[in-house]
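The values are calculated or read from the model by the stated rules, or taken from the named source; none is laboratory data. In this text, all values refer to a predicted model and were calculated from it rather than measured experimentally. Methodologically, a virtual Cβ is constructed for each residue, glycine included, from the backbone with ideal geometry; neighbour enumeration extends over all protein chains shown. Quick note on the areas: whole protein, heavy atoms, side chains included, nothing else; ligands and nucleic acids left out. Shrake-Rupley method; radii C 1.70, N 1.55, O 1.52, S 1.80 Å.
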Amino acid sequence: MAGRVRVVIAEDSVLLREGLTRLLTDRGHEVVAGVGDGDALVKTVAELADAGALPDVVVADVRMPPTHTDEGVRAAVRLRAEYPDLGVLVLSQYVEEQYATELLAGSTRGVGYLLKDRVAEVREFTEAVVRVAEGGTALDPEVVQQLLGRSRQQDVLAHLTPREREVLGLMAEGRTNSAIAKQLVVSDGAVEKHIGNIFLKLGLSPSEGDHRRVLAVLTYLRS
């Protein structure tokens, strides 16, 4: 089916892991493996890659055994470095800025950071999984709000208007121009103008291609 993706799930809660598996498979996607810790995640992806069957995306909890601190995100960062074509979507109980920053500091292709509460919004969650698998970005609105708040403190986005910051936040959530226009009750043309101004003010040239949308949000991470 169109948009079908192959997924590896890393979650130490068996109940949640099985729930995610059922949620994705019911919508036509293929969960090729489910593991309970970071080491098993790295090993499983390596074995699949060696067999010529690298998955499209990994969905991983930030905190996993043995210490339940940062094993999941560490594994995610490692996998992003070793397999640039592998999408990585991490789930967290709450916004952990250090981990979000570490995950997003490298390439902006195929990466997501969502709060676990978003899983209950089934359609949005599955769309995020597919978007990351296809090389896009999915950031939780609360993550965007916190990161943009920090970036304002660093004065990186000082030249953006309040409306441009609002558009930027919606862009970072992975919304299309039409979806942003609908959310803000403005025309598509107005959104395009705001986005053009954002790119201009942040010094993002057309040569950056579509990833300018993500780079606009993450510029401060490289400052």
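On a per residue basis, the range 1-100 carries 46 Å² of accessible surface, using protein heavy atoms and a 1.4 Å probe. The lysines within cross-link reach of LYS201, meaning a Cα-to-Cα straight distance under 22 Å and a gap of 8 or more places when in the same chain, are LYS193. Site pair THR161 and ALA179 shows an inter-label distance of 2.4 nm when each label is modelled 7 Å from Cα along Cα→Cβ.
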